[in-house]
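The values are calculated or read from the model by the stated rules, or taken from the named source; none is laboratory data. Remember, predicted model here, so these are calculated numbers, not experimental data. Reconstructed Cβ throughout: ideal geometry from the backbone, glycine too, with neighbour counts over all protein chains shown. Heavy atoms of the whole protein, side chains included, go into the accessibility calculation; ligands, DNA and RNA do not. Shrake-Rupley method; radii C 1.70, N 1.55, O 1.52, S 1.80 Å.
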Amino acid sequence: MTPDAPGSLDLDKLFAARLHAARARPYLATALFALHTVESRRVPTMAVDRYWRCYVSPAFVDRTPVEELAGVWVHEVSHLLRDHHGRSDRVARERGLTGPGERLRMNIAADCEINDDAFGDGLVRPEGAVGPESLGLPQGMLMEDYLREFRLGTHTQGLAWLDCGSGADGQEREWDLGPDGAHGLSEQERDAVRFRVAQGITARPGDSPKGWRRWAEEAFHPPQPWRELLGAAVRSAASGSGAGEDYTYGWPSRRSAGVPGTVLPSLRRRPPRGCVVIDTSASVSDTELGSALLEVAAIFRAVGGRRDLITVLSCDAAAGIAHPLCRAEGIPLVGGGGTDLRAGFARALRTGPRPDVIVVLTDGQTPWPDSRPPCRTVVGLFPRQHAAGSWDEDDPEYVPDSPPAWARVVDIGSAPAAR
């Protein structure tokens, strides 16, 4: 990327491109017009900070057609709406990622999440826009997932110039005006913009791609205390002693020296595996099932986002097929009869490899296993719809047992409580 040539920012062209972007993506109009532009000759193209300032190179605007600039507007505001700066900070802490190279990887991964379905339908793909196909990766994944799938190397050398700013990867730049600079949005203002955009998408879901509909559903879902309790319970179970531990002969135990002629395996830590059992019986409402799907995605982001290590199965009186967790909306929930989660536990324990944690999402109208399973169990308990819990799909006299003492129980959708 050549250095910027002297010259003032062509605001007429820049704002014409923003108007084009708003017409092509009307559900993003509130966010596009909330951005405050800042002229900067230190950015290679356009970049954003977490306070909703958009730093713009005059030379980039001069040499880029209006139609492509519109695509860049949508791309940059997408970083902010999807909280890529906050998510990158969390990933960096959880995985110990430091240095400019790792932040560049986060920027590339975030771009892949946005660009897989951002263009077309009146919006031109900007020259040089990075998509998952350019790295040989599948579409439809999240930034955290893409980040695990590639490393910097010869195939990414042409992306060294890429810099969407601190709003994309969380790392402050020298050109950032910071929290006390002019024209930044407060936290409340930023939340209001996201709310308005999410509201517009949910009101007319057919006008937006699936990725934006998923984002709006999660953003529009009001935060509740039980979510934190459920996440804490799962994190505690997944990080407890024994979870994720296994023996390996790849590195002999130090105790082998005391047993001549014998090689003893060593204990090694691996990422914990989990299985989510979702109650799909007739006593669980569609609203509760929708909430369960959101929780499936949120729970395992809380334990590190290793979706490849999570399986999900639906269960009424019989357990269904265990599906890998990819996207919440891709998990088929089949059921509608009576409930017997014992089948769900048995099926979960037969998945290979065996899970370290089983998470059960249910209304509790079920018999439970007689004995404790050989892994930790967390139960998310939906509120029962019938007084005193004295109703069952087949027997009105049936009073369901409470979840067993060996399970960690979190009441979902009610006042904060955990047992």
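Restricting L135, L147 to those that are at pLDDT 90 or above and closer than 30 Å to D356 by Cα reduces the list to L147.
Among the residues making up the range 64-93, a single one is surrounded by fewer than 16 Cβ atoms within 10 Å (Cβ to Cβ) and farther than 19 Å from E172 by Cα: P65.
Entry remark, the range 335-354: residues being over 25 Å from P138 (Cβ atoms) and either modelled with pLDDT under 85 or assigned to a loop (DSSP other than H, G, I, E, B) (or both) number 7 in total.
Restricting the search to helices (runs of 4 or more DSSP H) fully inside the range 101-212 and requiring at least 3 residues that are of a type in the set (D, E) gives 143-149, 187-203.
Among the residues making up the range 71-92, those that are under 16 Å from the mean Cα position of the chain (by Cα) and either assigned to a loop (DSSP other than H, G, I, E, B) or farther than 20 Å from D191 by Cβ (or both) are R82, D83, V91, A92. Return the total of residues in the range 149-164 being open to solvent by less than 70 Å² (accessible area, probe 1.4 Å) and either of a type in the set (D, E, K, R) or in contact with a Lys or Arg (Cβ under 9 Å, 6 or more places away or on another chain) (or both). Result for the range 149-164: 3.
State whether the residues of the range 127-141 include one that is of a type in the set (D, E) and surrounded by 15 or more Cβ atoms within 10 Å (Cβ to Cβ).
No, there is no match, as no residue in the range 127-141 is of a type in the set (D, E) and surrounded by 15 or more Cβ atoms within 10 Å (Cβ to Cβ).
Among the residues of the range 369-385, those that are open to solvent by 20 Å² or more (accessible area, probe 1.4 Å) and more than 24 Å from the chain's Cα centre (by Cα) comprise P369, D370, S371, R372, P374, P383, R384, Q385.
If we scan the range 34-48, do we find a residue that is in a helix (DSSP H, G or I) and in contact (Cβ under 8 Å) with a residue 40 or more places away in the chain? Yes - at least one qualifying residue is present in the range 34-48.
Residue by residue, here is whether (1) open to solvent by less than 30 Å² (accessible area, probe 1.4 Å); (2) over 19 Å from F15 (Cβ atoms); (3) touching a residue at least 24 places away in the same chain (Cβ under 8 Å) holds:
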residue	(1), (2), (3)
F60	yes, no, yes
R105	yes, yes, yes
A110	yes, yes, yes
E113	yes, yes, yes
D117	no, yes, yes
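Among the residues of the range 183-199, those that are in contact (Cβ under 8 Å) with a residue 12 or more places away in the chain and under 21 Å from the mean Cα position of the chain (by Cα) comprise R190, V193, R194, F195, R196, V197, A198, Q199.
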